[in-house]
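Engineer: Supplied in structure tokens, the structure appears directly below.
The values are calculated or read from the model by the stated rules, or taken from the named source; none is laboratory data. All values derive from a computational prediction rather than experimental measurement. Cβ atoms come from the backbone with ideal geometry, glycine included; neighbour counts cover every protein chain shown.
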Amino acid sequence: MSASSTDPVRFARALGVALLASVLAGCAALSPQQAQQVDAIVGQARPVQTDCERPDACARPSELHALAGEAFAASTADAPKHYTLLLDRGSDALLARIDLIRSATTSIDLQTYIFDEDDAGRFVLDELIAAAKRGVRVRLLMDQLSALKRVDTLAALAGVHANLQTRIYNPVLGRARMSYPGYVFAAACCWRQLNKRMHSKLLLVDGAIGITGGRNYQDDYYDWDAEYNFRDRDLLVAGPAARDMGDSFERYWNDRRSVPVEHLSDVGRRLLRGGVPALKPADFAEPERVRVARSVADDPGFVREQLLARVLPVGAVEYVADPPGKGGNEQVLSPASRTLRDLILGAQDRVILQTPYLVLSKPAREVFRTLQAREDPPHVIVSTNSLASTDAFIAYALSYKYKRRYLRQYGFEIYEMKPFPQDAPIDVATTGAIDTGSLPPARPQRVQCDRNSVVDCVRARQLARRPVRRPLEREFTALAYGSRRSNSPVPLKRAGVRMGLHAKSLVIDESVGVVGTHNFDPRSDRYNTESMVVIRDPAFARELAASIGRDISPANSWVIAPREKPALLSGLDYSVGKASEQLPIFDLWPRRYATSYEFKPSAKCPLPVSPRDPRFRDCYEAVGDFPEVALGFKSVITRIFTAFGAGLAPIL
């Protein structure tokens, strides 16, 4: 072999060694001496004085916060009382959080999977810092993989005030942030640790009132994204169940996996190198929107109108949370998974399940097989994403693969959300996709979209100050791999403010309601820590069922049902398709068992009917496997993962 032919090999090896050395150097833990120096730097930099001398930390009065006192006063050991509030609308969910943070008198504990540095994330962060400076103890716990993006921001938080502490959960390689080479190295060396994430979400104020559910801290969870927002759901709970929330948070906060941010190697070295940096002023993409949000949160009348009118009194409330360090053994169910299993197996008449990713774990599949084997099985209704609406097209591919199993073996009635739902709880004016210059300065107006789709609402008004690009317009360029959404939603045939389902909820027999973080999938069973609220109250269950019922209405979802049988060889078509579905790879049969249907109202069909109704095909028409999706790379990849990706189900 000539020298010239070995040079590239030697170069590649040298490059690999250099890359590995760089990764390892960046991951080296702080020495004990360095850790002491960091603690000294942070301790000296943290201000201890507060902006308020009052014992209530100058908390702003809040009727929402006052619910906690009323609930505790009305409760006994045998008969607890609570107040609950379903937070379907993103702007309401943000308003409730800001109202509670400003009303805190002693403590704020925040636990989350994602905390971004976009407008919504920074808005909440600024409010937390303000609370700390007026005398409230604030503890912020974030999962490593989705914590604040900038090391400088984390370093600034380490010393911003003595009342604010920040910890990172499960920091693989001992760092707050990981580069792509570091991530690859972590996947190779520490896969089990890397795969265990804290998916639990909780905001607990004064140990008395909490919010939990699907929302993280990022624009698209609060209707603040101009292209794609999540249809999500949170639940506010005031009363004795907050004690269980507090106990759960303490377990996480004191767990060895929760590391003070200043003790992580990248943040610690930043502090050693230049001391505690000043937190940079927020550079909001939509400053007027933030100004209005701050203003309305200070308007008691607006808070009362938007939130208090929908508060529901209930009795007992159960908060269920997985422990930190969840094991990864699918055969040993965690508390959250076990609770869901028992609730579903206890159903008599109807199960309503809402999940963004219909990829069932083995224990979940067994539960629904057992349910369907009954002589008179409960009716199972499932609300989930379509390919056009989902933020995880690869996960959808596996859902697409098993439609026959879901419909025939488990008896599911499946509804898939449209990307432009006509009657969704979204505040279009806050997304930034339309001009809000005509809005009054004190409070935003809601754009009603009950009769026209969201995209039409957007087109009906003047576009925003900045140009609105076609969603995923860089999809087919090399730059897509550096795009924020290169691995997210697929391109569509038309532009607009798209919505994707992210809510995780369950209703049993309209007597039990569950709102939480569990996706009913293998990751939630085995790897991610999850939490949820279980309320055995018919009024609450009916309210939750009505919320999901809105999502599965014809205006907002397509129905999944079996295709029309081919005129010839229908039995052969079914048998071959079923056999192909069983294959973990090479599931190449082009004709799937089921497809999407759209309701077509008429004199004969004034109202939608169930796919089980004999009139179904008279009232609905097939609209194809991937309605609204533009033919492109991800459509092809979806079919490829349907054929070859079954083995990826546990880690998606």
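Engineer: Going by what's in this entry, would LEU157 be described as closer than 25 Å to ARG289 by Cβ, hydrophobic (A, V, I, L, M, F, W, C) and under 22 Å from the mean Cα position of the chain (by Cα)?
Structural biologist: Here the answer is no, as LEU157 does not meet what is asked.
Residues are listed down the side, and each one gets a yes or a no for (1) closer than 16 Å to LEU164 by Cα; (2) more than 24 Å from the chain's Cα centre (by Cα):
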residue: ARG60; (1), (2): no, yes
residue: LEU67; (1), (2): no, yes
residue: ALA74; (1), (2): no, yes
residue: THR84; (1), (2): no, no
residue: ASP99; (1), (2): no, no
residue: VAL138; (1), (2): yes, no
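Engineer: Among the candidates PRO300, PRO313, single out the residue that is in contact (Cβ under 8 Å) with a residue 60 or more places away in the chain, under 19 Å from ILE211 (Cα atoms) and more than 25 Å from the chain's Cα centre (by Cα). Let's see the steps before the verdict.
Structural biologist: Working: PRO300 fails: under 19 Å from ILE211 (Cα atoms).
Of the residues listed, the single one that is in contact (Cβ under 8 Å) with a residue 60 or more places away in the chain, under 19 Å from ILE211 (Cα atoms) and more than 25 Å from the chain's Cα centre (by Cα) is PRO313.
A quick yes/no check of all residues on (1) within 30 Å of VAL160 (Cα to Cα); (2) among the acidic types (Asp, Glu); (3) in contact with a helix residue (DSSP H, G or I) (Cβ under 8 Å, 6 or more places away or on another chain); (4) surrounded by fewer than 19 Cβ atoms within 10 Å (Cβ to Cβ):
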{"position": "LEU235", "(1), (2), (3), (4)": "no, no, no, no"}
{"position": "ARG243", "(1), (2), (3), (4)": "yes, no, no, yes"}
{"position": "TYR252", "(1), (2), (3), (4)": "yes, no, no, no"}
{"position": "ARG257", "(1), (2), (3), (4)": "yes, no, no, yes"}
{"position": "PRO260", "(1), (2), (3), (4)": "yes, no, yes, yes"}
{"position": "LEU272", "(1), (2), (3), (4)": "yes, no, yes, yes"}
{"position": "PRO287", "(1), (2), (3), (4)": "yes, no, no, yes"}
{"position": "VAL290", "(1), (2), (3), (4)": "yes, no, yes, yes"}
{"position": "GLN306", "(1), (2), (3), (4)": "no, no, yes, no"}
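Engineer: Do we find that LEU145 is surrounded by fewer than 23 Cβ atoms within 10 Å (Cβ to Cβ) and not β-branched (Val, Ile, Thr) in this structure?
Structural biologist: In short, yes.
Engineer: Which of the following residues is in contact (Cβ under 8 Å) with a residue 40 or more places away in the chain, among the acidic types (Asp, Glu) and assigned by TED's automatic domain parsing to the domain that holds ALA309: ASP234, ASP220?
Structural biologist: Details: ASP220 fails: in contact (Cβ under 8 Å) with a residue 40 or more places away in the chain.
Every option except ASP234 fails the conditions.
Engineer: Going through ARG60, ARG137, ARG167 one at a time, which residue ends up being within 17 Å of LEU204 (Cα to Cα), at pLDDT 95 or above, crowded, with 22+ Cβ neighbours inside 10 Å and of a type in the set (Lys, Arg)?
Structural biologist: Details: ARG60 fails: crowded, with 22+ Cβ neighbours inside 10 Å; ARG137 fails: crowded, with 22+ Cβ neighbours inside 10 Å.
The conditions single out ARG167.
Engineer: For region 386-414, give me each residue that is assigned to a loop (DSSP other than H, G, I, E, B), out of contact with any helix residue (DSSP H, G or I) (no Cβ under 6 Å at 6 or more places or on another chain) and of a type in the set (Ser, Thr, Tyr).
Structural biologist: Those that are assigned to a loop (DSSP other than H, G, I, E, B), out of contact with any helix residue (DSSP H, G or I) (no Cβ under 6 Å at 6 or more places or on another chain) and of a type in the set (Ser, Thr, Tyr): SER386, SER389, TYR402.
Engineer: Among the residues of region 175-210, count how many are surrounded by 23 or more Cβ atoms within 10 Å (Cβ to Cβ) and β-branched (Val, Ile, Thr).
Structural biologist: Qualifying residue count for the region: 2.
Engineer: Anything in region 66-84 that is touching a residue at least 60 places away in the same chain (Cβ under 8 Å) and either crowded, with 22+ Cβ neighbours inside 10 Å or assigned to a loop (DSSP other than H, G, I, E, B) (or both)? List them, or say none.
Structural biologist: Those that are touching a residue at least 60 places away in the same chain (Cβ under 8 Å) and either crowded, with 22+ Cβ neighbours inside 10 Å or assigned to a loop (DSSP other than H, G, I, E, B) (or both): LEU67, ALA68, ALA71, SER75, ALA79, PRO80, LYS81, HIS82, TYR83, THR84.
Engineer: Looking at ASP298, ASP322, ASP342 in this structure, which one is within 28 Å of GLY500 (Cβ to Cβ), charged (D, E, K, R) and either out of contact with any helix residue (DSSP H, G or I) (no Cβ under 7 Å at 6 or more places or on another chain) or modelled with pLDDT of 95 or more (or both)?
Structural biologist: Result of the check over ASP298, ASP322, ASP342: ASP322.
Engineer: A follow-up question, please. Taking the condition of being of a type outside the set (A, V, I, L, M, F, W, C) and in contact with a strand residue (DSSP E or B) (Cβ under 7 Å, 6 or more places away or on another chain), how many residues in region 316-345 meet it?
Structural biologist: Result for region 316-345: 7.
Engineer: If a residue has to be within 26 Å of GLU375 (Cβ to Cβ) and touching a His at 6+ places or on another chain (Cβ under 6 Å) to count, how many in region 317-362 make the cut?
Structural biologist: Within region 317-362, residues that are within 26 Å of GLU375 (Cβ to Cβ) and touching a His at 6+ places or on another chain (Cβ under 6 Å) number 1.
Engineer: Give just the number: which of (1) over 21 Å from ILE535 (Cα atoms); (2) in a helix (DSSP H, G or I) does GLN111 not satisfy?
Structural biologist: Failed condition: (2).
Engineer: Another question, then. Could you pull out the residue among VAL267, VAL303, VAL259, VAL290 that is touching a Pro at 6+ places or on another chain (Cβ under 6 Å) and of a type outside the set (D, E, K, R)?
Structural biologist: Being touching a Pro at 6+ places or on another chain (Cβ under 6 Å) and of a type outside the set (D, E, K, R) holds for just one of VAL267, VAL303, VAL259, VAL290, which is VAL259.
Engineer: Further question: Of ALA104, ALA120, ALA130, which residue is over 15 Å from the mean Cα position of the chain (by Cα), buried (at least 22 other Cβ atoms within 10 Å of the Cβ) and either outside the structural domain of SER62 (by TED's automatic domain parsing) or of a type in the set (Gly, Ala, Ser) (or both)?
Structural biologist: Being over 15 Å from the mean Cα position of the chain (by Cα), buried (at least 22 other Cβ atoms within 10 Å of the Cβ) and either outside the structural domain of SER62 (by TED's automatic domain parsing) or of a type in the set (Gly, Ala, Ser) (or both) holds for just one of ALA104, ALA120, ALA130, which is ALA104.
Engineer: Hey, another quick one. Cβ contacts < 8 Å: first residue farther than 30 Å from GLY43 by Cα and assigned by TED's automatic domain parsing to the domain that holds LEU148, restricted to region 238-266; second residue of a type in the set (D, E, K, R) and assigned to a helix (DSSP H, G or I), any location; separation 6+ or different chain. Result?
Structural biologist: ALA238/GLU70
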